[in-house]
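First up is the structure itself, then whatever we jot down about it.
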Amino acid sequence: MTDAHAPELTGTNPLAPAPEGARTAADVVTPELVAQLTKGVAGSGRTANHTPFTGEKLADLPESTPEDVAGAFERARAAQAVWARIPVRQRTAVLLRFHDLVLERQAEVLDLIQLETGKARLHAHEEVQAVAVAARHYGRKAPAYLRSRRHTGAVPTLTKVTELRHPRGVVGQIAPWNYPLELSVGDALPAFVAGNAVVMKPDTETCLTALWARDLLIEAGLPAEVFQVVLGDGPVVGPEVVRHADYVSFTGSTRTGREVAQGAAARLVGVSLELGGKNAMLVLQDADIEKAAAGAVRACFSSAGQLCISIERLYVHESVADAFLERFAARTKAMRLGTSLAYGADMGSLVGERQLETVKAHVADAVERGAKLVAGGVARPDIGPYFYEPTILDGVAAPMTVCAEETFGPVVSVYRFKTEDEAVEHANSTPYGLNSSVWTKDARRGRDVATRLRTGTVNINEGYASAYGSVQSPMGGMKDSGLGRRHGSEGILKYTEAQTVAHQRLLPMAPSLGMDDAAYAAFMSRSLRLMKAFRLR
């Protein structure tokens, strides 16, 4: 499993299980906890979720029917009318209390995230960070984002115009399994503070994390009926959420995102979609290759690569490619895999059988077609049923499946380039456009390359965290990677309807003061020229 670009290494720690923690799934997911978290979740059927660490069942759960979904929207709609009348600063106070509670009780949710997703604890902590930052940001900035604004009217001084922001009503949110805290409640926070209610369908396999967040928000002061959760199979429950919602927020695959968009469009309701990615990292000729190699490990293998904005394609300048790959491979081979409910493991598990089979198929296809394994390429059932070693492929070329299709696992392909133009062209040669990364010692050079990349976020000398963590700025995808943005003003205003109120004073917008039609037209023409001359908008 080595080649010329992966020399034998001495003194490195081979891929091995990390030390185990003392707590078990049974210690964390008790019947009492499940009863508390599922209180208020409507469902006449029964379903269950499982932990990727062992494949064993975690909890029995209620399963919602289409009638249950309709009932959840009915309750949410009634509660939203009351919630929207509460002053915005009282709503922001809920988010700020939630921020404190998340940090105080993070150990609880870190255990749940790990048990439900299989990720390492440090990667689970990224979700805690992201949710706390979003709660703080919208807890502080929402009044400014939502305030009424005065605009120049059609006729200055005679037309007074105010822009108002109203909540859309009940937001239908369909959240994925890979980041069950951040991509559930993290997206719901701006909807709540804007005065909406939310009916959320989290993935059943990771719903305990979302239900824990709901419980904590209620403790922070959110009325329980404002936040409804429905559980069940996506093809059954998902379309029902879209059918009843006043606005739809979806994070998931591009294929399903198209179906969600079509359902929302048929009802003429708004939608935001964060979809797939085949994200590229560019290591330029002048990059610090030690830092770039360390950054590549984080960018490619956080949450076992099951992150929409993680890196799957590495473009490295040919003059530094061998040196970079040697360092990257050494760091990758030294990673520790583990199931511990404690810090220490460098990477956790894939979430389930389907993800594992996709990863195995992509790697096998690439190797059969001539790609070389620099690191990894091996499943690790000795650690857990869905563990797979972090994998580096060299010599990848079309038509290998891994070239174009999103793997969504711990697999990265390395490509060499001669010029920056070539690197940019290849990085952009995908239908996706979610995230990218550029490594260089020259800040201006990095920014110049960044502006040429067709992705919603670009990180310079970081893989994904710097752009995603900058919550005052929008985050989302171009091309097949989605519609709309989370974070910043766009991340909250999408949950509102804009209303323009124009108050006309003294004179009408029509002939008056004895003017006939021709005189009025001449008067308005002179006025328009004057407004341009005085630079009035």
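The values are calculated or read from the model by the stated rules, or taken from the named source; none is laboratory data. Just so it is clear, the structure is predicted and the values come from calculations on it, not from any experiment. Using ideal geometry, Cβ is built from the backbone for each residue, glycine included, and neighbour counts are taken over all protein chains shown. What goes into the accessible areas is simple: the full protein's heavy atoms, side chains included, and nothing from ligands, DNA or RNA. Shrake-Rupley method; radii C 1.70, N 1.55, O 1.52, S 1.80 Å.
The stretch between D100 and L164 holds 20.0 nm of extra length on full extension. This uses 0.36 nm per residue minus the Cα-Cα distance. Mind scanning K141/K479; K141/K494; K291/K441; K201/K494; K141/K201; K119/K333 and naming the pairs with a C-alpha gap bigger than 21 Å? Flagged as over cut-off: K141/K479; K141/K201.
Please label the shape of the chain as rounded, prolate or oblate, based on the square roots a ≥ b ≥ c of the eigenvalues of the alpha-carbon gyration tensor (a/c under 1.5 means rounded; beyond that, a/b larger than b/c means prolate, else oblate).
Numbers: a/c = 2.34, a/b = 1.38, b/c = 1.69.
In terms of gyration-tensor shape, oblate.
Note on the chain: dipole from Cβ charges, positive end direction compared against V271, I174, P31; the farthest Cα belongs to V271. Building the convex hull from the alpha-carbon atoms of segment 310-410 and averaging its projection over directions returns 6.8 nm². Considering segment 67-176, its Cα convex hull presents a mean projected area of 10.4 nm².
Å³ per residue of the Cα convex hull, for segment 313-363?
Numbers: hull volume 5.5 nm³, N = 51.
Value for segment 313-363: 108 Å³ per residue.
The slack between A397 and Q285, meaning 0.36 nm per residue of separation minus the straight C-alpha distance, is 38.1 nm.
What shape does segment 393-434 have by the C-alpha gyration tensor, where a ≥ b ≥ c are the square roots of the eigenvalues, rounded means a/c under 1.5, and otherwise prolate means a/b greater than b/c and oblate the rest? If you can, show how the numbers build up before the last one.
Values: a/c = 1.90, a/b = 1.32, b/c = 1.44.
Because a/c hits 1.5 or more and a/b fails to exceed b/c, segment 393-434 counts as oblate.
For segment 340-392, the share of alpha carbon pairs falling in successive 10 Å distance bins from zero is 23, 51, 23, 4 percent.
Take the Cα of R505, step 7 Å toward its Cβ, do the same at T419, and the gap between the two points is 6.2 nm.
Label point 7 Å out from R258 along Cα-to-Cβ: which residues of segment 391-415 have amide N under 16 Å? Residues 405-406 qualify, since their backbone N sits under 16 Å from the label point. A simple spin-label model places the labels of E497 and L530 3.8 nm from each other, with each point 7 Å out along Cα-to-Cβ.
The alpha-carbon of K532 sits under 26 angstrom from the alpha-carbons of these lysines, leaving out residues fewer than 8 places away in its chain: K160.
Which whole number in µm²/s is D for segment 416-537 by Stokes-Einstein, with the Kirkwood Rh taken over Cα pairs at 25 °C and 0.890 mPa s? Don't skip to the end; give the middle numbers.
Numbers: Rh = 19.1 Å.
Answer, rounded: 128 µm²/s.
Using DSSP to define loop residues, name the GluC sites (Glu not before Pro) in segment 268-375 whose beta-carbon has at most 14 other beta-carbon atoms within 10 Å.
Sparse-neighbourhood loop GluC sites (Glu not before Pro): E318.
Restriction of the chymotrypsin sites (Phe, Trp or Tyr not before Pro) in segment 435-537 to DSSP coil positions whose beta-carbon has at most 11 other beta-carbons within 10 angstrom yields F534. Across all Cα pairs in segment 125-263, the calculated P(r) in 10 Å bins from zero up to the longest distance comes to 11, 38, 30, 13, 7, 2 percent per bin.
Go ahead and estimate [θ] at 222 nm for the chain from helices alone: -39,500 (n - 2.57) per DSSP H run with n ≥ 4, summed, over the residue count, rounded to 500. Write out the running numbers ahead of the final one.
Values: 19 runs with 223 residues, N = 537.
Calculated mean residue ellipticity at 222 nm is -13000 deg cm²/dmol.
Quick one: Debye curve from the C-alpha atoms of segment 186-230, no solvent, what's log10 I(q)/I(0) at q = 0.16, 0.18, 0.19, 0.21 Å⁻¹? The calculated log intensity ratios at q = 0.16, 0.18, 0.19, 0.21 Å⁻¹ are -0.38, -0.48, -0.53, -0.65. Length gained on full extension, A519 to R537, computed as 0.36 nm times the residue gap minus the Cα-Cα distance: 4.1 nm.
For the chain, the longest principal axis of the alpha carbon atoms and the long axis of helix 321-333 meet at an angle near 80°.
Note down the net charge around T251, summing +1 for each Lys or Arg and -1 for each Asp or Glu among other residues with Cβ under 12 Å from its Cβ. The partial results should precede the final answer.
Details: positive: K201, R486; negative: E182, D187, D203, E274.
That sum, taken over residues with Cβ under 12 Å, equals -2.
Take the Cα of R150, step 7 Å toward its Cβ, do the same at H125, and the gap between the two points is 4.9 nm.
Once every Cα of segment 234-373 carries one equal point scatterer and solvent is ignored, give the base-10 log of I(q)/I(0) from the Debye formula at q = 0.10, 0.21 Å⁻¹, two decimals. Per q value, in the given order, log10 I(q)/I(0) is -0.51, -1.27.
With K and R counted +1 and D and E -1, the other residues having a Cβ less than 9 Å from that of R168 yield a net charge of -1. Count charges around R214 for me, please; just the other residues with Cβ under 12 Å from its Cβ, Lys/Arg as +1, Asp/Glu as -1. Around R214, the surrounding residues sum to -2. Charge dipole (Cα centre; +1 on Lys/Arg Cβ, -1 on Asp/Glu Cβ; no other charges) of segment 347-445 amounts to roughly 280 debye. What are the trypsin sites (Lys or Arg not before Pro) within segment 128-196 that DSSP puts in a loop, where the Cβ has at most 14 other Cβ atoms within 10 Å? Passing both the DSSP loop test and the Cβ count: R147.
Directionally averaged projected area (segment 156-219, Cα convex hull): 5.9 nm². The listed residues K119, K57, once ranked by accessible area (1.4 Å probe) with the largest placed first, stand as K57, K119.
Work out the length of the dipole vector of the chain about its Cα centre, built from +1 on the beta-carbon of each Lys and Arg and -1 on the beta-carbon of each Asp and Glu, and round it to the nearest 20 debye. Can you show the working numbers first?
On the way: 59 positive and 60 negative charges, 602 e Å.
It works out to roughly 2900 debye.
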